[in-house]
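Below is one structure, written out as structure tokens; comments come after it.
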Amino acid sequence: MALADPSSGDPTRFSFSTAHLATVLRLASYTPEYAALLPLMLDDAAARQDYAPLAAQFLLVERGYAEALATGMHNSVVCTEDVPFYDLRAIDRERLADTFLGTLQLDGLDTVCRIWPHGPIDADFHAPLRSAVPALLLSGSDDPVTPPAFAILAARGFSHGLSIVLGGFGHGQLTAPCMDRVLAQFLARASVVGLDVSCTRRARPMPFFTSLNGPPP
């Protein structure tokens, strides 16, 4: 398809596949800012067969992750700490294939980790954590990859821990409204005792865009 490059505006051609669509749907659902655009872009694709906005969003997300993510380190960690514990025989591939991501990510990780260098893992890697270090655990109620249940479970290992769940938010809460004040308090106190987190209950994610002008008033 022909589209304007989302960074430069220059005319470009891009072969937008189902794998690209699955990737942009997955990664855009991580944060409320990206997720707010999805219904509008999907409506354009369904009503007018216009996939250019989704393709442009894919290119932006891909470039952003390429700059922020150390892929080699990611592979070394995942191939050491995660993939060796997958029981591929127990995975229902037929059911997985019916999801929008299908078996793409699973097969990709399995293939990469067969050849990617990775190191040993500590014998107590899966042992329950016990720590008295002050810990602030942040979650979004709509996080598609690390749900609040994970943080609540992890918080059990911290005798001085606090788990905060932001309603409607996705993956990553550091830039959520008022979170800067909460983090400043936590760092200044080096404790969760007496931490005022009331503002997090009023924080709201960006609403869905209904047009290119933004969310409805």
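With the structure loaded, tell me whether PRO216 is modelled with pLDDT under 90, of a type outside the set (D, E, K, R) and within 25 Å of SER29 (Cα to Cα) or whether it fails that test.
It is true that PRO216 is modelled with pLDDT under 90, of a type outside the set (D, E, K, R) and within 25 Å of SER29 (Cα to Cα).
Residue check, GLU62 against (1) assigned by TED's automatic domain parsing to the domain that holds SER7; (2) exposed (fewer than 13 other Cβ atoms within 10 Å of the Cβ); (3) charged (D, E, K, R), all met but one. Which one?
The failed condition is (2).
What's the number of the only condition in (1) out of contact with any His (no Cβ under 9 Å at 6 or more places or on another chain); (2) free of Cβ contacts under 8 Å to residues at least 40 places away in the same chain that PRO84 fails to meet?
That leaves (1) as the condition not met.
Farther than 22 Å from LEU212 by Cβ, in contact with a Phe, Trp or Tyr (Cβ under 9 Å, 6 or more places away or on another chain) and modelled with pLDDT under 90 - does that describe any residue in the stretch 24-44?
Yes.
Go over the candidates THR200, THR175 one by one and state the one that is within 20 Å of LEU37 (Cβ to Cβ) and free of Cβ contacts under 8 Å to residues at least 40 places away in the same chain.
THR175
Residue by residue through the stretch 68-87, note down the ones that are surrounded by 10 or more Cβ atoms within 10 Å (Cβ to Cβ) and assigned to a helix (DSSP H, G or I).
Within the stretch 68-87, THR71, GLY72, HIS74, ASN75, SER76, VAL77, VAL78, CYS79, THR80, GLU81, VAL83, PRO84 qualify.
Residue check: is LEU104 hydrophobic (A, V, I, L, M, F, W, C), modelled with pLDDT of 90 or more and surrounded by 13 or more Cβ atoms within 10 Å (Cβ to Cβ)?
Against the criterion (hydrophobic (A, V, I, L, M, F, W, C), modelled with pLDDT of 90 or more and surrounded by 13 or more Cβ atoms within 10 Å (Cβ to Cβ)), LEU104 does not qualify.
Looking at (1) surrounded by fewer than 18 Cβ atoms within 10 Å (Cβ to Cβ); (2) at pLDDT below 90; (3) among the small types (Gly, Ala, Ser), which is the one condition that is false for GLY167?
For GLY167, the failing item is (2).
List pairs: first residue in the stretch 106-130 and under 17 Å from PHE158 (Cα atoms), second residue assigned to a helix (DSSP H, G or I) anywhere in the structure, Cβ distance under 9 angstrom, at least six positions apart or on different chains.
Correct list of pairs: PHE125/GLU81; HIS126/PHE85; LEU129/ALA154.
The values are calculated or read from the model by the stated rules, or taken from the named source; none is laboratory data. None of these values were measured; they are calculated from a predicted model. Don't worry about glycine lacking a Cβ; one is built from the backbone with ideal geometry, like all the others, and counts go over all protein chains shown.
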